[in-house]
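Structure first, commentary second.
The values are calculated or read from the model by the stated rules, or taken from the named source; none is laboratory data. Predicted, not measured: the structure shown is a model, and the values here were computed from it. So basically every Cβ, Gly included, is an ideal-geometry build from the backbone, and we count neighbours across all protein chains shown.
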Amino acid sequence: MQPDFSLEDPETFNAVIPWMQPDFSLEDPETFNAVIPWSTFNSTARNSKECKGPRLTSRLLQEKLAYYLDIVEVQIAKQISLRSDAFFQVMTSHDALSDRMLKMLEAVSETRLRLASIDHSLVNGPLKVLQLKRSHSNHVAVYNKLRLIAAVHQTHPTVQRLLSTSDFVGALDVIETTREILATELVGIHCLRHLDSQLIEIEKAIDKMMTADFLKCTSSDLNRPLGDGPHVTNEEHMTAVVFGMLRQKEHKFLELYKEEACTAVGATVKQTVIEFISKNDDVEVSGNSNGLYEQVRHLDSSKWLALLEVFWALRTSATFRFLKVAGTSRSDF
């Protein structure tokens, strides 16, 4: 046995146990005879009365194997004695490492228990509060979004209700606010994808409605007798219509009012001339405009002055009425 003895070395393995080859098989006759050499005596022992040969050979083989075993045990004991310090150190280190591992396992278990206690008492509660707070915020956001959608869906009834009271400015404000909300907070909502175009059409319809109402109010106010005074008929409705047009930055109503005023003044002047001439028995009344012109030309100075006084009174009344309409338009704007 050498210090570098190792059965992993093929030569050493074959030298110690020569019959233990990788392809070892007792079914092979040569291998069997090599392992059990006394088997060669079996054939001669059968015909001979002497059986001491095989027994002797078996005893010699057992002694030989026992000798090999003693040699191996001696070498193992020798190697152990040579490396006893290393074995002792390894065992000591192993015991110390085992103790440290046990202490470490206990420390890890205790740490886990403490962490679980901390999680239960200090972490889980605040974390649950944060989760509930975030959930509450999300629910509030969804609730507010649903309320906003519900309010937007009420735009049509609200606009109709405001228009029924001639609140054109309020209706236009509702439409503008709704369109701003659709473009910002409710952008991408599938159920509201057509609402913006509908609001645009409603706004155009309101513009036409205000124009028609303004012409109706203007015609009704300008065509009534000037003797009724400078007050404006249906002043609240006229103010609402004018404010609605100004809200839309539509100033064409001034031209419309100018045209209606010129038409009304012309009709009033013509009617006044006819009435004035009809009151004078010596002047023939004619419905032809050229005839009226000729008849007015033939009036004497006193009648001219009287007619001018009537025109002056009409002009004064018409001016006050125009100023009243203008004041109505500027009163709250």
Taking the range 247-262, which residues are touching a residue at least 60 places away in the same chain (Cβ under 8 Å) and touching a Ser or Thr at 6+ places or on another chain (Cβ under 9 Å)?
TYR257, ALA261
Checked the range 176-197 for anything part of a helix (DSSP H, G or I), of a type in the set (S, T, N, Q) and either farther than 26 Å from ASN144 by Cβ or free of Cβ contacts under 8 Å to residues at least 12 places away in the same chain (or both); matches are THR177, SER197
Sole exception among (1) at pLDDT below 90; (2) among the charged types (D, E, K, R); (3) surrounded by 11 or more Cβ atoms within 10 Å (Cβ to Cβ) for ARG179, by number:
(1)
Apart from one, (1) part of a helix (DSSP H, G or I); (2) closer than 30 Å to PHE243 by Cα all hold for SER166; the odd one out is (1)
Here are some conditions: (1) free of Cβ contacts under 8 Å to residues at least 12 places away in the same chain; (2) more than 30 Å from ALA240 (Cβ to Cβ); (3) of a type outside the set (Val, Ile, Thr). LYS145 meets all but one. Which one does it not meet?
(1)
Residue hits (the range 245-269; modelled with pLDDT under 75 and over 27 Å from ALA205 (Cα atoms)) are ALA264, VAL265, GLY266, ALA267, THR268, VAL269
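Restricting attention to the range 75-121, report how many residues are acidic (Asp, Glu) and not in a helix (DSSP H, G or I).
Total satisfying the criteria: 0.
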Please count how many residues of the range 159-197 are of a type in the set (S, T, N, Q), farther than 25 Å from LYS216 by Cα and in contact with a helix residue (DSSP H, G or I) (Cβ under 8 Å, 6 or more places away or on another chain).
1
Going through VAL142, VAL159 one at a time, which residue ends up being surrounded by 10 or more Cβ atoms within 10 Å (Cβ to Cβ), within 14 Å of ILE202 (Cα to Cα) and not assigned by the TED database to the domain that holds MET245?
VAL159
